[in-house]
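The values are calculated or read from the model by the stated rules, or taken from the named source; none is laboratory data. Small disclaimer: the values here were computed from a predicted structure and weren't measured. Every residue, glycine as well, gets a Cβ built from its backbone with ideal geometry; the counts of neighbours run over all protein chains shown. Heavy atoms of the whole protein, side chains included, go into the accessibility calculation; ligands, DNA and RNA do not. Shrake-Rupley method; radii C 1.70, N 1.55, O 1.52, S 1.80 Å.
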Amino acid sequence: MTEPTIFDLSVPGRKGVTFPEPDVPEIALPEAFLREDLPIPEMSEMDAVRHFSSLSQKNYAIDLGFYPLGSCTMKYNPKVNEVTSRLPGFASVHPLQPIESVQGSLYLMYELQNMLAEIAGFAGVTLMPAAGAQGELTGTLIIKKYHADRGDHQRTRMLIPDSAHGTNPASSAMLGLDIVPLPSDERGNVNLDALRELCDDRLAGLMLTNPNTLGLFDENVVEVIKIVHEAGGLVYGDGANMNALLGVFRPGDVGIDVLHFNLHKTFSTPHGGGGPGSGPVAVQKHLLPFLPDPVVGIINEGDDDEAPLYGFIHPEKSIGRVKTFYGHFGVLVRAYTYISMLGQEGLRDAAEKAVLNANYLQEKLKGTYTLPYDRVCMHEFVLEGRWKDVPDIHALDIAKRLMDYKFHPPTNYFPLIVPEALMIEPTETENKETLDRFVDVMLKIAEEARTNPQLLKDAPHNTPIRRADELKAARDLMLCCSSGLE
Amino acid sequence: MLVPQEIKYQKTDEWVKIVNGVATIGITDYAQDALSDVVFVEFAIDPDDEVSAGDSLATIESVKAAAEVVFPVSGKVLEVNQTVIDTPETLNSSPYEEGWLVKVQVADESEMDSLLDAAAYDAYCKER
Amino acid sequence: MFTPHTKNDVEVMLKSIGAEKIEDLFKVIPEQFRYPDLSLAPRLTEMEAVAELENIASANGTTKDFLSFLGAGAYDHYIPAAVDNLLQRGEFYTAYTPYQPEISQGTLQAIFEFQSLICRLTGMDVSNASHYDGATAAAEAVILATGHFRNKRKKVLLSRALNPQYRQTIRTYMQTDETLQILGDDAETGTNIKNLIAQIDNDTALVMVQYPDFFGRIIDYKELIETAHAHGALVAMAVNPTALGLLTPPGDLGADIALGEGQPLGIPLSFGGPWLGFFAVKNALLRKIAGRLVGETTDVEGKLAYVLTLTAREQHIRREKASSNICSNQGLMTLAATIYLSVLGKHGFKQVSNLCYQKAHYAAEQIASIDGFEVMFPETPFFHEFVVKCEQPVDELLEHLLEHDIFGGYKLENDYPELQNCFMLAVTEKISREDIDYLCDVLGEVDHD
C-alpha cells in the first residue's frame, strides 16, 4: 500500500509535541525579518509515529535477513553499540566544553586511535573523516602535501587499478591529481609490468585496495609497494576490505603509507540507510605531521597521583580541518565497543569466518555461475550474472529475483572489469544454514532462468513496489513534495 | 547502426562534418545507443571559447551512465545547440541531424585527416 | 563473538572447500606477515563492555549536569522521545544505502520528505539528501560555484562572521587549487558587511554569509545579494534551521544556495557528531548539486515509487569526472531531522524558535544590566546567541562559572583577536528564566579588580 507523505497527512491546526509558554517577558521580532509562512506539516504525534513505523516496514535490513552486498560488509550491528553510544555521558556532551569536562570522550578517542593503529600496523590515526570517501580525500591530501613539502611539485600522477572503487579516482581528481588507470593481470593482481612502466618522477602514488574488489589478496603486494617506493611514490591503502585481514595481516607491516578504515563496514557500526559513516585514516611515522588538525593526544602525562590529561594537538604541517569538530564521535563509541568485545582473538575470528563463509559460497556457486578468477578468495568474490544459453538474462534480473526469496541482492555491475558482475560478501556473522538457503535459491534462479525466464525479467513480484521507472524519475524530475503548497 | 558516409569520426564516438570552414560536431548513433535514454547534456564550453582537439566538449548523462564528449578538431566555438539542452532525448532520436552539439570555426582543416572515415569507424564499432 | 559457527560447521565447510584448516585460506599472505601479535586489551563480554563504557562516559561532564550556554555551531535542544525511539527501528538503521528501490521505499520516502522539508524551511527549490555536516556542505558550495563558472571566476568571498570551522574546512578542500583566491574574512575586512560588499567583482564566483551570523546577529543581506547578482556571482547562505521557524528564508531573500548544520533538528550533541549538513539550491543550479537525490516516479504497475535519481553525476559512474567524491549521506541523521520536524510540526517548531529568541533576549538584557558586562553589537538584532564583553580575561570568567556548574559560553579571541575579553552565549528552549537568573547571580559575584 502507498504510504502518504507527511505533507499529505497534514491537517491545519493539528499539533504534535508542544512546549511551555515563555517564562520571560516577550518582545517582538523586527517585522522586516519575519517569514510569512512556515509550510511544514501539522500532525499528531501518533500519526507521525505510525507514518514512520509504516515506512520502516518497506525497508530490507540486516535485522531482517541476509545482506550479501559485496564491498559493503553488512555484518550484524550489535545492539549493545546502540546502548553505549547513547549513554548521556557521551550523547549530551557539547564539543566546546572545557577539556577537563570531556576527559571520557578524549580518552575513548585516544584509545581508539591506538587500537586502529595497532590493528593495521601504523604510527598514528585521525578519527576526523566523516566517511570512507572523506578518509580518501584526507589520505590523498596528505600524500599531495607530503610531496609538496619535499619540493616534489611535479609528482601529480596517481595510479589507480582498474578494479578500484569509483571514489578512488573521484577523490584524487578533486585534488587536481592526474588519474592513471593501472590494469590487472589474468590472476586479478596489479600488473607489475604496467606498474613499472608508469613509475617515474611524476609518480605521486598508488591507490591500492587489498584485498581488491574481486575479493583477491594481491599475490605481489610486497613487490608492488617496493616498486612504488623506489620511484619515490607513496602507497594509499583503501581499507574498505579490512574485514578480511583483522588479526591476520597488517597493511602497515608491508609498507602501505596511508590507509583509511570504514568503521561502518569493518567495525560493525550501522549503515543507517546510507550514513553516517566514519573513515579514520592511519599513517606511517613520516606522515604524522600532515594529519588533520586537531588529533587527540596526551597533553599532560600525569603521575602516580594524577591521571594523564587528554587534549588536542595540532600537527605542524597539517592539511587542515576536514569537517566540524573531531569526527563522528557517536560512531566512534560503537567501534570502540565492538573492538573491546572482540580483542585480538575475536578480530582474527571475525576475519577467518568471513573468509570461510565467502569461500564456502564461492565453492557452492562456481559450477552454476561463471567465476572469472578461480582461486581462494578473501571475504568476498565476484561471479558473472549471465549465461550464454539465456542471453536475455542479466545480473540485474538475478538480483531482482533474489528479492522474491527474501534475500538482499549482491552488489551488481561492479567491479567494472567483470561483465554482469555479482559481487557477494556474506560476512562472518551468517550461519551455515543461511548460506545453504542462499545457495539453494541461487541454484533455483539459475534453473528458472532456463525454464521460466519471465519470472526473472518481471521480478521482484512481492515487494512493496515492483521495478521502478528510473527514466521517468530523471526526465520528469520531482525532487520535492508540493502537496499543500499553493 | 547508422554510419553516414560523408562525415568523419573519432574512436571516442564523435562525428564531425565541415562545411565552409565550420565544423558541426555530435555523437554517433553507436554512442547514443550505448548510452540509452539521454536525460541531460552539460556543455563544458561557451560560445567564443578557443578549443583544441581533445578538449572536453560536454558530458552526456543517461539514467545509468555518463559519457564525456571531446573535440575532434580545434578552433573557436560558434554555437551550442539549445535543442539538446531543452530536449536531451533528441540525441537518441536524431544523433546526426537535430541532435548536433556544437559548431566550431575550424583552425586547421588538416586535423580532419587523422580522423576515421565511415568504413573505418564502422569496422571499429563492429569489433567492439 | 558474533560468529555463529560450531566446530562441526567449520569442519563441514572446510571439507566442502577442500581445505584442511582455516589457516590454509590465508596462504596467499606472505608468511612473515601472517598473524601478527596485536597489543590489545583482553576481550570483554557484553556486560563487561557496558560497564567499561559507562565508566568512561562518567568521566565526562554533560549538558545535563551543567547549565550550558554553549553554542557556536552546536545547540542543546530538547529532542522528543519519538525521534530516537523510531531511529532505533532496525529496519531503518541496519539498512544500507537505498540502491535497490523495491526493498528500500522506507528510506527513500523518508529522504524525499527530508528534501521537501529542507526546501520548505529554506525557501529553496531543490535539496539533496545531505552532506556530512555544515562545514562540508559549505565546502561543497564552493566546489559547486567554481565548477558552475568552469573555474573561470577565481575569487570566493567568505564573510568573517561565517563559522571559523566552515572557513577552515573550505580552505582544506580548496588548498590544491592554486589559482583560486579565498578572501573577505581577514581582520581588515572585519565583520561589517559593507566591507565585504565592496570586494564583490566580476571575478567573484561566490559570496558566502551566515544567517544568523556566527555571532547570532540577524543581518540584512539585501544589498549584498543584489550586488553579487549584479556582478553575476552566486550567493550562499549558511543558516541555522531553528531560526527559520521565525526568519524570512534565504530563498525569499534571493540566495542561490542555502546550507547549514542540521544538528539542531533533533540530533544529539554527541561531542561533535554525527550530525548532518543540509544543502539546497534554486532550480537553476539543480544539475550542479552534488550528493544523493531522491525523486518520485512510478513502478511498472503505475504505483507511486521513490528512487535515487540523477545518479550519473556521482562518483561511482563518473569516477574522476565527478565534481565530488561523496558517496554517502547522513541517512539516519536526515531521518532524525525528518521525524523531529514532523512530531513538532508547524506549531511546535515555531514555539521552539520563539522560545530561543525570547529567552536569549531576556538573558542579554539581564547580563547587560550587570556591572562590568557589556553586550556587543547592541544595535543589531540577534536570534538566540549574543556576544558579551567582560573586564577580566575570558578564561578566568569561564573558570569561575564552571566552578558554579555553568558552561558559560564560547571564548572568541582565538578566532577573533579583535574581540578581546569577549565570549558568546547561546540560549535554547531548555534554559529557564531561573537558569538565566542564576547565571546572572554568579556573574554578579565576579570580582572586577
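Can you send over the solvent-accessible area of C:THR248, 1.4 Å probe, protein chains only, in Å² to the nearest 10?
It works out to around 20 Å².
Could you tell me which of C:LEU269, C:VAL446, C:HIS404 has its Cα farthest along the dipole of chain C towards the positive end, charges placed at Cβ (Lys, Arg +1; Asp, Glu -1), taken about the Cα centre?
C:LEU269
So who's got an amide H within less than 5 Å of the one on A:LEU234, skipping anything under 5 residues away but keeping other chains? H placed 1.01 Å off N, in plane.
When sequence neighbours closer than 5 places are left aside, the close amide H contacts are A:GLY205, A:LEU206.
Using a 1.4 Å probe over the heavy atoms of the protein chains, calculate the carbon and sulfur portion of the accessible area of the protein assembly as shown as a whole percent.
Working: 17610 of 36760 Å².
About 48 percent, which is the carbon plus sulfur part of the accessible surface.
How do A:MET1, A:MET207 rank by accessible surface area computed with a 1.4 Å probe, from largest to smallest?
Values: A:MET1 180, A:MET207 0 Å².
Largest accessible area first, the list is A:MET1, A:MET207.
What list of ³J(HN,Hα) values in whole Hz, one per residue of the stretch A:217-227 in order, does the Karplus curve 6.51 cos²θ - 1.76 cosθ + 1.60 (θ = phi - 60°) give from phi, with Gly and Pro shown as x?
7, 5, 5, 10, 4, 5, 5, 4, 5, 4, 4
Tell me the net charge near C:LEU253. Cut-off is 13 Å between Cβ atoms, C:LEU253 excluded, with +1 for each Lys or Arg and -1 for each Asp or Glu. Please list the in-between numbers first.
Working: positive: A:ARG35, C:LYS222, C:LYS282; negative: A:GLU36, C:ASP220, C:GLU223, C:GLU226, C:ASP252, C:ASP256.
Summing Lys/Arg as +1 and Asp/Glu as -1 gives -3.
Would you calculate, for chain A, the mean residue ellipticity at 222 nm contributed by helices, counting each DSSP H stretch of 4 or more residues as -39,500 (n - 2.57) and dividing by all residues, to the nearest 500? Working shown, then result.
Details: 14 runs with 165 residues, N = 486.
Calculated mean residue ellipticity at 222 nm is -10500 deg cm²/dmol.
Specify whether the C-alpha gyration tensor of chain B places it in the rounded, prolate or oblate class, a ≥ b ≥ c being the square roots of the eigenvalues: rounded for a/c under 1.5, otherwise prolate if a/b is larger than b/c and oblate if not. Mind showing how you got there, number by number?
Numbers: a/c = 1.69, a/b = 1.08, b/c = 1.56.
Oblate, since a/c reaches 1.5 and b/c is not below a/b.
Once you have a ≥ b ≥ c as the square roots of the Cα gyration tensor eigenvalues for the stretch A:81-340, tell me rounded if a/c is under 1.5, and otherwise prolate or oblate according to whether a/b is larger than b/c. Before the final figure, lay out each step's value.
On the way: a/c = 2.09, a/b = 1.64, b/c = 1.27.
It is prolate, given that a/c is not under 1.5 and a/b is the larger ratio.
Under the Kirkwood approximation for Rh and a Cα-based Rg, what ratio Rg/Rh is obtained for the protein assembly as shown?
Details: Rg = 28.9 Å, Rh = 30.1 Å.
Rg divided by Rh gives 0.96.
With Cβ to Cβ distances under 11 Å as the rule, what net charge do the other residues near C:GLU413 carry (K, R +1; D, E -1)?
Numbers: positive: C:LYS389, C:LYS411; negative: C:ASP395, C:ASP415, C:GLU418.
With Lys, Arg at +1 and Asp, Glu at -1, the neighbours total -1.
Which value, in debye to the nearest 20, gives the size of the charge dipole of chain A about its Cα centre, when Lys and Arg are +1 and Asp and Glu are -1 at the Cβ? Numbers along the way, then the final one.
On the way: 43 positive and 66 negative charges, 197 e Å.
Charge dipole of chain A: 940 debye, to the nearest 20.
What do you get for trypsin sites (Lys or Arg not before Pro) in the stretch C:283-345 restricted to DSSP loop and a cutoff of at most 15 other Cβ within 10 Å of the site's Cβ?
Working: sites: C:ARG287, C:LYS288, C:ARG292, C:LYS303, C:ARG313, C:ARG318, C:ARG319, C:LYS321; in loops: C:ARG292, C:LYS303.
For trypsin sites (Lys or Arg not before Pro) across the stretch C:283-345 that sit outside H, G, I, E and B with at most 15 neighbouring Cβ atoms in 10 Å, the list reads C:LYS303.
Express as a percent, rounded to the nearest 5, the fraction of DSSP beta bridges in chain A (both residues included) that run antiparallel. Mind showing how you got there, number by number?
Working: 20 of 36 bridges.
Antiparallel bridges make up about 55 percent of those DSSP assigns within chain A.
Roughly how much accessible area, to the nearest 100 Å², goes out of reach of solvent when A and C pair up, both sides summed, probe 1.4 Å? Each step should come with its number before you reach the end.
Values: alone 24420 and 23760 Å², together 31710 Å².
Result for this pair: about 16500 Å² buried.
Cut-off 10 angstrom, C-alpha nodes, Gaussian network model of chain C. Which of C:LEU183, C:LEU344, C:LEU304 fluctuates the most?
Evaluated over chain C, the most mobile residue of the options is C:LEU304.
Among the aspartates and glutamates, which fall within straight-line cross-link reach of B:LYS17, defined as a Cα-Cα distance under 17 Å, with same-chain neighbours fewer than 8 residues apart omitted?
Straight-distance partners of B:LYS17: B:GLU6, B:ASP29, B:GLU79, B:GLU97, B:GLU98, B:ASP108, B:GLU109, B:GLU111, B:ASP113, B:ASP117, B:ASP122.
Shape of the stretch A:345-471 from its Cα gyration tensor (a ≥ b ≥ c, root eigenvalues): rounded if a/c is under 1.5, otherwise prolate when a/b > b/c, or oblate?
Note, shape of the stretch A:345-471 comes out prolate.
Return the loop-located chymotrypsin sites (Phe, Trp or Tyr not before Pro) in the stretch C:210-256 (DSSP other than H, G, I, E, B) with at most 14 other Cβ atoms within 10 Å of their own Cβ; answer none if there are none.
On the way: sites: C:PHE214, C:PHE215, C:TYR221; in loops: C:PHE214, C:PHE215, C:TYR221.
Here no chymotrypsin sites (Phe, Trp or Tyr not before Pro) fit, given the DSSP loop and packing criteria.
Picking from A:PRO78, A:SER101, A:PRO68, whose Cα lies most toward the positive end of the charge dipole for the stretch A:1-151 (charges on Cβ: Lys, Arg +1; Asp, Glu -1)?
Value computed over the given set: A:PRO68.
So which of B:LYS126/C:LYS152; A:LYS226/C:LYS152; A:LYS406/C:LYS7; A:LYS265/C:LYS21; A:LYS432/C:LYS303; C:LYS152/C:LYS222 end up more than 31 Å apart, counting from Cα to Cα?
Pairs exceeding the cut-off: B:LYS126/C:LYS152; A:LYS226/C:LYS152; A:LYS432/C:LYS303.
For A:CYS377, what accessible surface area do you get with a 1.4 Å probe? Give it in Å², rounded to 10.
0 Å²
Between the stretch A:1-22 and the stretch A:103-177, what's the alpha-carbon centroid distance in Å?
So the two Cα centres are separated by 44 Å.
Between the stretch A:355-370 and the stretch C:383-403, how many Å separate their Cα centres?
64 Å
If you average the C-alpha positions of the stretch C:43-57 and of the stretch C:59-95 separately, how far apart do those two centres end up, in angstrom?
Taking the Cα centre of each part, the stretch C:43-57 and the stretch C:59-95 sit 21 Å apart.
Net charge near A:GLU111, counting Lys/Arg +1 and Asp/Glu -1 over other residues with Cβ under 12 Å of its Cβ?
On the way: positive: none; negative: A:GLU118, C:GLU52.
Result for the neighbourhood of A:GLU111: -2.
If you project the alpha carbons of the stretch C:82-339 onto their three principal axes, what span does each projection cover, largest first, in Å?
So the three principal-axis extents are 57, 38, 31 Å.
What do you get for trypsin sites (Lys or Arg not before Pro) in the stretch A:450-486 restricted to DSSP loop and a cutoff of at most 11 other Cβ within 10 Å of the site's Cβ?
Working: sites: A:ARG450, A:LYS457, A:ARG466, A:ARG467, A:LYS472, A:ARG475; in loops: A:ARG466, A:ARG467.
In loop regions of the stretch A:450-486 (DSSP not H, G, I, E or B), there are no sparsely surrounded trypsin sites (Lys or Arg not before Pro).
At 1.4 Å probe radius, can you tell me the per residue accessible area of the protein assembly as shown in Å²?
Working: 36760 Å² over 1063 residues.
Per residue, the protein assembly as shown has 35 Å² of solvent-accessible surface.
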